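Heads up: the structure comes next, in C-alpha cells.
Where a number appears in this text, it was derived from the coordinates with a stated rule and is not lab data. Not measured: the values here are computed from a predicted model. Every residue, glycine among them, receives a Cβ derived from its backbone with ideal geometry; neighbour counts consider all protein chains shown.
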Amino acid sequence: MLSLPALYLLIALPLFGRAQVFERQPGGIAEEVDGVVVADGVAGALAVPAELPRADDGAAGASGGKRIGLVSAAIRVLQDAGNEPMSCPDMVKQATERGYWQPLAGKTPVSTLYATILREIRDKGESSRFKKVDRGRFMLNR
C-alpha cells in the first residue's frame, strides 16, 4: 500500500511536469521557493509550480493578446458590421472567420451565445450591451 505523499507524487509528477520534495517549513505556513509553492503540513511535502499552464494558452485571438470570449467577439463583430442587426449563427461564423474567437470544446456555441445575450438583456435591462430587434436578431444597445 502506497502512502498518501507517494500516491500524490505518482499523480502530480505526470500532471505538473516538475515536482520537487521539500522538508516541512517551520512555523506551519506554505512558502514559495523559486516560483514553486511548498505545500506544508507533511514532512517531505510535495511542491508544484505556482503557475500552472492553462489549457487554452496559445489560442489567442487575432490581436495576438489574451483570448477573448464569445460574447466579446460578438460585440466586436457587431461593431465591425456598423451595428446592423445580426443573428447568433452569423455572429459566431463571423467571429471564427475573422479570428476573434475559436471554439474549444463546446458543441453548441450558437445556442450558448443566444442564451447568454437573452440572459444579459433580461438581467440588465436598459444597461445591457445588446438589444433584441427581431426574433433571433440582436444589435448593440448604443
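Descriptive notes on the structure:
- Tabulated pairs, segment 95-115, first without any contact (Cβ under 8 Å) to a residue 60 or more places away in the chain and closer than 12 Å to GLY69 by Cα, second in a helix (DSSP H, G or I) and among the basic types (Lys, Arg), C-beta under 8 angstrom, 6+ apart or interchain: ALA95/ARG76; TYR100/ARG76
- Segment 95-130 - residue that is assigned to a loop (DSSP other than H, G, I, E, B) and aliphatic (A, V, I, L, M) and, of those, surrounded by the fewest Cβ atoms within 10 Å (Cβ to Cβ): ALA105
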